[in-house]
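To start, the structure under review is shown below, and the notes come after it.
The values are calculated or read from the model by the stated rules, or taken from the named source; none is laboratory data. Bear in mind the structure is a predicted one, so any value in this text is a computation, not a measurement. Cβ placement follows ideal geometry from the backbone for every residue including glycine, while neighbour counts extend to all protein chains displayed. Quick note on the areas: whole protein, heavy atoms, side chains included, nothing else; ligands and nucleic acids left out. Shrake-Rupley method; radii C 1.70, N 1.55, O 1.52, S 1.80 Å.
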Amino acid sequence: MKKNYRFILRLFYHARQAAMLLLFMLIASASVQAQQSTTIRGTVTDETNSPLPGVVVTVKSTGKATTTNSNGVYQVTVSGAADVLKFTFLGSVPKEVTVGGKTVVNITLVTDTKQLKDVVVIGYGTASRKDVTGAITSVKAEDFNAGVLTTPAELLQGKVAGLNITKSGDPNKQPATILRGPSTLREGAAQQPFYVIDGVPGASIDLLAPADIESIDVLKDASSTAIYGSRAANGVIIVTTRKAKAGQTRLTYSAYGAVEKVSKNIDVLTGDQLRQYLADNGVKALAQPTDDDGSNTNWQKLAERTGYSQNHNLSYGGAGTNSEYGASVNYMKNNGILRNTSLERTIYKGYINQRFFNDRLKLGITLTNSVTKNNDIFQSQVLSGILFYLPTVSPFNPDGTYKENYSRTGSGPLNPLSLINNNFTKTENNKTLINGFASVDILKGLKFTISGSTQKEQNNVNTYSTSQSGIYVNQNGVAVRSAYTNTSNVVEAYFNYDRVFGKHSLKLLGGYSYQQDRNNDGFGVQTQNFSNDALTYNYLALSNPTQLSQIVFNPAYISTLRFVSFYARAQYEFSDKYLLQASLREDGSSAFGINQRHGYFPAVSAGWKITNEEFMKSIPVISDLKLRAGYGVSGNSLGFDAFTARLIYGVPPGGGKFLSNGNIVNPIGPVRNDNPDLKWESTATTNVGLDFGLFNNRLTGSVDYYIKKTSDLIYTYPVSTTLYFYPFYTANVGKIKNSGIEVVINAVPVKTRDFTWRTSFNVSHNKNVVQSLSNSQFGLNFIQTAQLGGKGQSGNYSQIIQPGYAIGTFDLWHYLGKNANGVSTYQKADGSTTATQPLTSDQFIKYDAQPKLIYGWSNSFFYKNFDLNFLVRGVYGNKVLNATLASLNNPADSKLQNIPTFTLGESFKDINAYLVSDRFLESGSYLRLDNATLGYTIKPHIQAFKSLRFYASGNNIFIITKYRGVDPEINIGGLTPGIDNKDFYPKTRTFSLGITAQF
């Protein structure tokens, strides 16, 4: 026991000695550490000696970091004199400083103009603008248009040379976007540019909130777009969203509230004016009270309202040494200026990117969801009705029901207010995009990237017309419901190899792409005859159709379309002077004929940096001069389903159910012929451009000339049923040529410490010509389009597509003035004059809807904390057919429908006044002050509060034009551009107040 006790004491003694020794070593170590550690303080400023808050200061040896406060002051601990401090700030050139023996390190960071302005996004990568050999326009977030914008495309209006964007005031309608002229005979998606969002080809533009966009790059020529192959003939628009930068943590809230009013109405007669007009011309008084109850009803004012809009965007993001993350939510509500029309959209987005193994492996995933709800009316009937309906009657009967006179004929026979309130469409569109990527740096300069995305769209459309609807009289309510799902899965895998060998720079790209689109997975049905309107479309089982024909199923079918592609690109630069780029893409698509499913799209371009030559150094006024030229081929496969080239059976046109052996069955027959040789349209573009900069790039610009030829145009031709199952055949026939010039000038005329003025002007000219509609097998001399209807004109066409003319060429009767009796006269084909309605063979080709010039002029002024921006844009040289005014100009029918004040100058005896002729072919030229914004920014000296900006903005402030209609900015898309035919949703004038707060 005693031995054990001594053993324990001895063990305790040695343990105490060891503990004392360990404690002494720890104290000594801490003392040495304390002697070696040093606290460094300092201030970070910009080029104007203003403090920079939020600069990240990192100790490279330990990775520890801090940020400067609101006064630009920082404090950090280093382990020794050899430590290096790295200073990084968004938009500035990073800087590294060795501590040495200093305890105070003050730093000035300079603006990285290359980072802010000189990087453009190209297919599967980025490039410095000085190294670009194609025609690419980049628009940064600070240059976007402001105002109530329902689609990101509107951010670019007037900003990009050659890009024509037209939009009415309808919040639910996408704008028409045409780049360098129309180059197809198909409509819809076939005419639109191809969108790439954060590297995802074909992603929906509706997934983007304008406040989340960092930049938009527009690829115009084929040498730039050919890398996207068969979907790039109309240009490519690449959208890059905001991501947190290294060392940056941001929290941003932005919002605006806006008031919208109709910018212009058509001046039609009041009730009293119409009564007086009829009396003055000896017309019997209108029937009372059905057509005249003593009212003076302004139907345009009744249908319209003041629209109130709001937008809120909250975003958060951060980036550390090895990760970036962020999230945002956007809510927008745009109440249209027509009653019961509105757009409501909520967008959620989140992303996280992570780097591993000293940044050699990068992983990332992004999730975006957009929910859009649309309320709409039957616009074609309403927009016509508010102009034509008699102003001499009130909307309601004494008992509160809507006043109607179904026996009345004319162009607007139904009560417009009843049309609005008894017929509606509600749409809910839900889109989700999940995109993930992995990037591996395999060797020096060699990187492999693989990305995958899935996009799912659920589109539910519900329409209901009540039992009081004048469109469906005595049908006791008509309901239409449809629900369709569209999915798109994309996989991209590619290698990048970038190396510099002395004066040689080489960049190589090689990749593979797979895409599968499954569309129209759902159903649609129409039924009628409900006991009441309480449930509208929500319970179709309560309908009581009395005939089988009253139940109609939507004929849409499921289509699965696949794309498989291989692509490669090589970029070479020598001595920072000479540039060469070549690319090739092979596309395979299941949309086309079995013999033509694969196509090749090559491109080559070159550039010469003239300013880097020795002989240019003696001309210091020229700070940049680059000549570039390129040729490439791209395709157009947009707008096709999987069965475009296949023999399809269905219900033939005009076919209906019939009785067979006591059963009611559908007729089945061919509805499309197969074409094993159908292939994509092919667009070959030659582009020559010159980029220049003067006075140390205070004045910069570019000039581009292009020739864009599209061959193998796809159109449906009439064929003989003795040779084919179906009387129409979809084939590659025809050619279209677009050629033009684009000029861009950017300048900073004034730049002082307190005041800066930046200005940018762009103008473009494009000539569009249809070269051919025929080949050795199929042929057409012309294609008639624009069947506008109207009194006695239901079979007339007002436009024609014909070789030698542009798309949108007008084919009309030629107005010669009025004869002695005040009756409109017209020229016949033989040159004679007629005072009666001419024949269709008497029409003449005259003018077209394509503008000769498109231009935009933007200006930005900065004075201390104030900023002022305005944009003027317009078009010149196009024609618009004012078919609305023609139809209204009908003196003889003024007892059935209203007339405009324009008609007061017409003879009541003019029985031809309403005929659509070149009398109503008007100039579509205009100059519009499209936007003006005044802002004030507060930068409080609080580290947690970066800035607070207030602004006021106006859109469509004024317009200069000779056009007599609502607005000359008529849809330029489709095969019938430039026609105003009683269906134009009025343009709005908008005033908004907004705020942006950054934390």
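Structure values in brief
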item	result
Residue in segment 302-330 that is farthest from residue 993 (Cα to Cα), counting only those that are among the polar types (S, T, N, Q) and surrounded by 20 or more Cβ atoms within 10 Å (Cβ to Cβ)	328
Filter result (more than 20 Å from residue 849 (Cβ to Cβ), open to solvent by 20 Å² or more (accessible area, probe 1.4 Å) and out of contact with any helix residue (DSSP H, G or I) (no Cβ under 7 Å at 6 or more places or on another chain)) within segment 166-201	172, 189, 198, 199
Segment 466-513, subset under 24 Å from residue 569 (Cα atoms) and in a loop (DSSP other than H, G, I, E, B), residue nearest to the chain's Cα centre (by Cα)	503
Residue 868 at pLDDT 95 or above and buried (at least 18 other Cβ atoms within 10 Å of the Cβ)	no
Filtered residue count, segment 379-409, keeping only those that are open to solvent by less than 40 Å² (accessible area, probe 1.4 Å) and part of a loop (DSSP other than H, G, I, E, B)	10
Failed item, numbered, when residue 209 is tested on (1) within 17 Å of residue 177 (Cβ to Cβ); (2) open to solvent by less than 10 Å² (accessible area, probe 1.4 Å)	(1)
Lone qualifier among 990, 996 - being within 17 Å of residue 256 (Cα to Cα), under 21 Å from the mean Cα position of the chain (by Cα) and open to solvent by less than 50 Å² (accessible area, probe 1.4 Å)	990
Flag for residue 973 being under 30 Å from residue 762 (Cα atoms) and at pLDDT 95 or above	no
Residue in segment 341-351 that is under 23 Å from the mean Cα position of the chain (by Cα), surrounded by fewer than 21 Cβ atoms within 10 Å (Cβ to Cβ) and hydrophobic (A, V, I, L, M, F, W, C) present	no
Residue 100, sole failed condition from (1) modelled with pLDDT of 85 or more; (2) within 19 Å of residue 946 (Cβ to Cβ); (3) assigned to a loop (DSSP other than H, G, I, E, B)	(2)
Residue 526, sole failed condition from (1) in the same structural domain as residue 482 (by the TED database); (2) touching a residue at least 24 places away in the same chain (Cβ under 8 Å); (3) open to solvent by 40 Å² or more (accessible area, probe 1.4 Å); (4) in a loop (DSSP other than H, G, I, E, B)	(4)
Some residue of segment 711-719 being in a strand (DSSP E or B) and of a type in the set (D, E, K, R)	no
Residues of segment 553-588 that turn out to be open to solvent by less than 70 Å² (accessible area, probe 1.4 Å) and free of Cβ contacts under 8 Å to residues at least 40 places away in the same chain, as a count	3
For residue 747: the one exception among (1) outside any loop (DSSP other than H, G, I, E, B); (2) more than 22 Å from residue 692 (Cβ to Cβ); (3) among the small types (Gly, Ala, Ser)	(2)
In segment 154-188, the residues that are charged (D, E, K, R), modelled with pLDDT under 90 and on the phi > 0 side of the Ramachandran plot	none
Subset of segment 760-773 that is over 11 Å from residue 162 (Cα atoms) and within 24 Å of the chain's Cα centre (by Cα) - its residue that is most open to solvent (accessible area, probe 1.4 Å)	767
Filtered residues of segment 361-378 (kept if surrounded by fewer than 19 Cβ atoms within 10 Å (Cβ to Cβ) and either touching a Ser or Thr at 6+ places or on another chain (Cβ under 9 Å) or at positive phi (or both))	361, 363, 367, 369, 371, 373, 375
Matching residues, segment 718-739, being within 22 Å of residue 808 (Cβ to Cβ) and either surrounded by 19 or more Cβ atoms within 10 Å (Cβ to Cβ) or touching an Asp or Glu at 6+ places or on another chain (Cβ under 9 Å) (or both)	733, 734, 735, 736, 738
Qualifying strands (runs of 3 or more DSSP E) (wholly inside segment 606-693; at least 3 residues being in contact (Cβ under 8 Å) with a residue 24 or more places away in the chain)	622-636, 669-672
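Yes/no per residue for (1) modelled with pLDDT of 95 or more; (2) surrounded by 19 or more Cβ atoms within 10 Å (Cβ to Cβ); (3) more than 30 Å from residue 398 (Cα to Cα); (4) under 30 Å from the mean Cα position of the chain (by Cα):
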position: 223; (1), (2), (3), (4): no, yes, yes, yes
position: 227; (1), (2), (3), (4): no, yes, yes, yes
position: 231; (1), (2), (3), (4): no, yes, yes, yes
position: 253; (1), (2), (3), (4): yes, no, yes, yes
position: 269; (1), (2), (3), (4): yes, yes, no, no
